[in-house]
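Report on the structure given below.
The values are calculated or read from the model by the stated rules, or taken from the named source; none is laboratory data. Predicted model, so just to flag it, every value in this text is computed and none were measured. Cβ atoms come from the backbone with ideal geometry, glycine included; neighbour counts cover every protein chain shown. Areas reflect the complete protein model, heavy atoms only, side chains present, ligands, DNA and RNA absent. Shrake-Rupley method; radii C 1.70, N 1.55, O 1.52, S 1.80 Å.
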Amino acid sequence: SDACYVFLAVGHLECLALSDKNWNQLPMKISESWLREWVNPDVSTEALAEQLTMAGLEVDGIETVGGEFSGVVIGEIVSIEQHPDADKLRVCQVAGGADELTQVVCGAPNARAGIKIPFATVGALLPPGEDGKPFKIKKAKLRGVASFGMLCAQAELQLGDDDDGIWELATDAP
């Protein structure tokens, strides 16, 4: 018979399948949000872990995955122009978060029309930096051009290590 030991991370479940003959680890990560699409008891993550343990799936620990943030939506760069006063900046028109297009000044080398990206709207809170405080997105002027948000890299959301440019999401992202 197979036994299953579960490591519960906020956002993921990791199941290690163990056989009688050997203790081969076969990791399988399952999103907590995916699990809750199938069964969604009105309980906290901790209570869900306890329920899984009581059902025979031992939960060894709970860990947060990624940084905590709010006000970030899926956006799409509709158009892009060179910044009039900066070689490395571009002025993007972004759909997402409002009925109208939003102007965002961006320095990412991979910014281009047609890609979907994480878009932090004005008022968004990004994960804390080295000072331990969340980073609040405000309206700003970059070299004289107004910017109403930020296009984010994985690292800025603490959802990966890539910080070479904005995070390009799947073309079918909602």
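Quick notes
- Near Leu142, the amide H atoms lying under 5 Å from its own belong to Ser147; only residues 5 or more places off or on other chains count, and H is placed 1.01 Å from N.
- Per-residue accessible area (protein heavy atoms, 1.4 Å probe) orders Arg112, Arg36, Arg143 as Arg143, Arg112, Arg36, starting from the largest.
- Listed residues Met54, Met150 arranged by accessible area, highest first, probe 1.4 Å: Met54, Met150
- Values of log10 I(q)/I(0) for the stretch 110-174 across q = 0.12, 0.26, 0.29 Å⁻¹ run -0.34, -1.25, -1.29, by the Debye formula with one identical scatterer at each alpha carbon and no solvent.
- Listed values for the stretch 102-111 are Karplus-derived 3J(HN,Hα) couplings in whole Hz (6.51 cos²θ - 1.76 cosθ + 1.60, θ = phi - 60°), namely 10, 8, 9, 8, 9, x, 5, x, 9, 5, and x replaces Gly and Pro.
- Rolling a 1.4 Å probe across all protein chains gives Asp131 an accessible area of roughly 110 Å².
- Candidates Phe135, Ala111, Leu48 compared by Cα position along the dipole of the stretch 31-141: farthest toward the positive end lies Ala111, with charges placed on Cβ.
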